[in-house]
Amino acid sequence: VGCVTPGKQAHKPTAADDPSNACFASLMVDKRFDVLRPKIAINIKPSELPLDMLADKSVPTAEERQALGVWKVARDSCMAQGESFRQAYAPPAYRATLASNVTRVHDLTGKLYAGEMTYGEFNRARAANAAVSQEQMANVAQQEREQNAREEDRRRVAAGMALQTMQNQQLILQQQQQQQQQQQQLMLQQSRPTNTNCSRIGNQVNCTTY
């Protein structure tokens, strides 16, 4: 459990904090995949592949198929390392989009491994999948921002209503206190003893009460 320093806002985890990221980064320099490096996107983005890799008409050799199998297992392991993090912090739409992307890459890898696709076909399909996934992730992020904005508006309205309610209660309390004070003053006035002095002037009697 982390500690929050008073006066500082706690860090809200984002996709950049996903433990899977560091694992995938390690695969980019993993020597086990050197044989695949000239063929598929290992240390570069699928969208940045050179033309010769996109046009490659070869299929995997036995050595390359073995490396592809290890690569698939390694990617699964990387995904597993961040699963609990994503369950805790990522919205469902993000997790679903990521899982769909990984499944499509696995399907493409299986076809490449079986010789049903050339490297060029695999690379083009993977680049197209990455573009779709990126767009989907952008939509998920936009939806999350809009949802956060709506929640912030609701919190602001609720806070305003709570403040108004508190102010109304204070006003009612002040009015009640004023009424009590007025009643007490009236009771004091009514309970005071009175004196009456009368004086006769000729046939008239004048009285004063105080």
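The values are calculated or read from the model by the stated rules, or taken from the named source; none is laboratory data. All values reported here derive from a predicted model rather than from experimental measurement. When we count neighbours, we look across all protein chains shown, and the Cβ atoms used for this are built from the backbone with ideal geometry, even at glycine. Note: areas computed on protein heavy atoms with side chains; ligands, DNA, RNA excluded. Shrake-Rupley method; radii C 1.70, N 1.55, O 1.52, S 1.80 Å.
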>> Could you tell me how many of the residues in region 47-62 are open to solvent by 80 Å² or more (accessible area, probe 1.4 Å), in a helix (DSSP H, G or I) and either touching a residue at least 60 places away in the same chain (Cβ under 8 Å) or of a type in the set (Ser, Thr, Tyr) (or both)?
In response: 1
>> Just the residues that are touching a helix residue (DSSP H, G or I) at 6+ places or on another chain (Cβ under 7 Å) and aromatic (Phe, Trp, Tyr), please, taken from region 50-89.
In response: 71, 85
>> Tell me the residue from 175, 179, 136 that is in a helix (DSSP H, G or I), surrounded by 10 or more Cβ atoms within 10 Å (Cβ to Cβ), at pLDDT 85 or above and touching a Ser or Thr at 6+ places or on another chain (Cβ under 6 Å), please.
In response: 136
> Does any residue in region 71-85 that is over 18 Å from residue 36 (Cα atoms) come within less than 9 Å, Cβ to Cβ, of a residue that is aromatic (Phe, Trp, Tyr) six or more places away or on a different chain, and which pairs are these?
Replying inline: 78/24; 79/24
>> So residue 32 ticks every box in (1) closer than 21 Å to residue 133 by Cβ; (2) open to solvent by 30 Å² or more (accessible area, probe 1.4 Å); (3) not acidic (Asp, Glu) but one. Which box is left unticked?
In response: (1)
>> Conditions first: (1) touching a Lys or Arg at 6+ places or on another chain (Cβ under 6 Å); (2) not in a helix (DSSP H, G or I). Residue 129 passes all but one, so which condition is the exception?
In response: (2)
> When you look at residue 65, is it part of a helix (DSSP H, G or I), charged (D, E, K, R), at pLDDT below 95 and open to solvent by 60 Å² or more (accessible area, probe 1.4 Å), yes or no?
Replying inline: no
>> Filter region 14-44 down to the residues that are more than 18 Å from residue 83 (Cα to Cα) and polar (S, T, N, Q) and list them by number.
In response: 43
>> If I ask for residues that are surrounded by fewer than 17 Cβ atoms within 10 Å (Cβ to Cβ) and not in a helix (DSSP H, G or I), which ones from region 69-117 would you list?
In response: 91, 114, 115, 116
> Is there a residue being assigned to a helix (DSSP H, G or I), modelled with pLDDT under 95, farther than 20 Å from residue 107 by Cβ and of a type in the set (S, T, N, Q) anywhere in region 7-24?
Replying inline: yes
